[in-house]
Every structure is written in C-alpha cells, then in structure tokens.
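The values are calculated or read from the model by the stated rules, or taken from the named source; none is laboratory data. For clarity, every value in this text was computed on a predicted model and none was experimentally measured. Every residue, glycine among them, receives a Cβ derived from its backbone with ideal geometry; neighbour counts consider all protein chains shown.
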C-alpha cells in the first residue's frame, strides 16, 4: 500500500477524533506545529525517518518532545500509535492529507492560479468571489507566476481548468477556424 493511502487512513482517523471533540482547527494547528518542529530539528527528523530505531523507542522519545512542546494529549496519543506502528516517517504526508480533509469538511477548495504577473488584491478578491460562486465553496487561492504565460491566467480548481490565457484563446480561435 502506498504511503499516501496509509497517511490518508491515519489522517481520516485523526480528523474524525478531532471533529468529535470539536477541536478540528486546533488539531490542524498543532499538527502543523509538530511537522514544523520535526522539519526544523535535524535530530527529530532523524528520529522520524531512521528505520533501525525500535518503534517503541521512537514513540517514547517523540512523546517526551511533544509533552515539552505543550501538544494536546489527543495528538500525543495519536503520535504514540503512529510511532508504535512504525509509520512516523509519514508525518509530512499525514499533515498534508489532514489539511486537505479539514478543507473538505469546512467547504474550502484550493484554486491554483498561473499568471504572467502578480494579481492585485482587488483582482484576487474578484477571482476568488467568482470561483466561489461557480463552485459553491470557499476558495483559497494559490498563486504561481510563469513568464511563459504571455497574458491572462489559468486557474485549476480540482480537476477543472479554466484557461483564460492568451495562448488558450489563440488555440480556441485556431480550432474554430479549422472546423469552419
């Protein structure tokens, strides 16, 4: 089974527990803090990814670090289970998957915007509002600049792509001319 599938199972379980406790947002913040702590500390990263260390030792060491960091008991118990199952190496996948699940449950969708130049705050708000009307969900914009886009922008929401680039419009025009 792939790491993403395993991480999704753990993330779904944690999301269910957090939702039952009414602490979904808090758990998301704490999980991001734990992932950031592991990423920032080479010793913790080695602990998470070193395969020869016994899972029980990993669980105990990580629990001590999380207790000192003031992480909630729920998340500490969760990580004890993850570490004891020798799945601590999935911490980054687990965090990303948990974020996606929280977004799904809160009705938030990510839109990836590709443009030649940065959007102004007004343009970003207008685009976000238009996409929210179209999708019926709250839209979180993720912007990326690409100089190969000569003009306009390309937006991807899930598997749907809205191509309003100059190249896209020229492609459509060419197709209409050839089909006429």
* What number of residues in segment 62-73 are assigned to a helix (DSSP H, G or I) and surrounded by fewer than 16 Cβ atoms within 10 Å (Cβ to Cβ)? -> 4
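Would you confirm, using the coordinates I've provided, whether residue 121 is over 20 Å from residue 25 (Cβ atoms) and more than 20 Å from the chain's Cα centre (by Cα)? First the steps, then the outcome.
On the way: over 20 Å from residue 25 (Cβ atoms): yes; more than 20 Å from the chain's Cα centre (by Cα): yes.
Yes; evaluated as a whole, the condition is true for this residue.
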* To do: Need at least 3 residues that are touching a residue at least 24 places away in the same chain (Cβ under 8 Å) and surrounded by 11 or more Cβ atoms within 10 Å (Cβ to Cβ) per element, so show me which strands (runs of 3 or more DSSP E) inside segment 87-180 make the cut, counting only ones lying wholly within it.
  => 108-115, 138-145, 152-157
* Does residue 21 meet the test of being at negative phi, surrounded by 14 or more Cβ atoms within 10 Å (Cβ to Cβ) and at pLDDT 90 or above? -> no
* To do: Could you check, for segment 111-123, whether at least one of its residues is closer than 30 Å to residue 23 by Cβ and touching a helix residue (DSSP H, G or I) at 6+ places or on another chain (Cβ under 8 Å)?
  => yes
